[in-house]
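Note sheet for the following structure.
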Amino acid sequence: MQIAKNTIVTLHYEMFDVDNNLLDKTEEPISYLHGGYDGIFPLVEEALEGKAVGDAIDVKLTPDDAFGDPEEELVRVEDLDVFPADVEVGMVFEADDPETGELLLFRVTDIADGKAIVDANHPLAGQSIRFSAKVIEVRAASAEEVSHGHAHGEHGHHH
């Protein structure tokens, strides 16, 4: 079966930075609903169109094609007294966006002078990446998966 709209695609991937350093890779395969449901980067989805089990792709993505550019408003300086006493650089905290009410994950990027700098941008925001993937499985999506807009099952979404 070839990858087309309303198929569930299962793949293994690796992501590399511009210096070819490994940034991320799957330990277990991931599945997504193919066909414009925002389950994977659009350029990756485009490269996967028409592929079948065993096929591989290698796509270069600019920041706009991947995790976007960093947004200044997602970087904040907070007093240390709002954090646990053992706060360290690299820790992640949840907070609501006061404008949208959306839950954001803020990563502590620096601590100095009684303040912590926290950043809710994706850690790879602003970076170009290379996305390499191998197709493991392709199957027709169920009506429920199409209506929900995502893959269900072992490597997809669980309700």
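Quick look at the values:
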quantity	calculated
Qualifying positions in region 68-121 - under 26 Å from the mean Cα position of the chain (by Cα) and part of a helix (DSSP H, G or I)	GLU72, GLU73, LEU74
So ALA143, is it free of Cβ contacts under 8 Å to residues at least 12 places away in the same chain and more than 19 Å from the chain's Cα centre (by Cα)	yes
Scope region 25-49; condition touching a Leu at 6+ places or on another chain (Cβ under 8 Å), open to solvent by 30 Å² or more (accessible area, probe 1.4 Å) and either aliphatic (A, V, I, L, M) or not in a loop (DSSP other than H, G, I, E, B) (or both); matching residues	ILE30, LEU43
All positions within region 56-79 that are out of contact with any Gly (no Cβ under 6 Å at 6 or more places or on another chain) and under 24 Å from VAL92 (Cα atoms)	ALA66, PHE67, GLY68, GLU71, GLU72, GLU73, LEU74, VAL75, ARG76, VAL77, GLU78, ASP79
In region 50-66, residue most open to solvent (accessible area, probe 1.4 Å) [restricted to those that are assigned to a loop (DSSP other than H, G, I, E, B) and within 26 Å of VAL138 (Cα to Cα)]	VAL53
Residue within region 129-149 that is out of contact with any Cys (no Cβ under 7 Å at 6 or more places or on another chain) and on the phi > 0 side of the Ramachandran plot present	yes
Odd one out for SER142 among (1) within 30 Å of ASN6 (Cβ to Cβ); (2) exposed (fewer than 12 other Cβ atoms within 10 Å of the Cβ); (3) polar (S, T, N, Q)	(2)
Residues being touching a Leu at 6+ places or on another chain (Cβ under 7 Å) and within 18 Å of THR62 (Cβ to Cβ) - total across region 105-132	5
Residues located in region 4-23, provided they are without any contact (Cβ under 8 Å) to a residue 24 or more places away in the chain and either open to solvent by less than 60 Å² (accessible area, probe 1.4 Å) or of a type in the set (D, E, K, R) (or both)	ASP19
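Rundown of residues vs (1) closer than 24 Å to PHE16 by Cβ; (2) open to solvent by 50 Å² or more (accessible area, probe 1.4 Å), yes/no style:
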position	(1), (2)
ASP86	no, yes
MET91	no, yes
GLU94	no, yes
ASP110	no, yes
LYS115	no, yes
SER128	yes, no
VAL138	no, no
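The values are calculated or read from the model by the stated rules, or taken from the named source; none is laboratory data. None of these values were measured; they are calculated from a predicted model. Note that each Cβ is placed from the backbone with ideal geometry, even for glycine, and that neighbours are counted across all protein chains shown. For accessibility, only protein heavy atoms count, side chains too; no ligands or nucleic acids. Shrake-Rupley method; radii C 1.70, N 1.55, O 1.52, S 1.80 Å.
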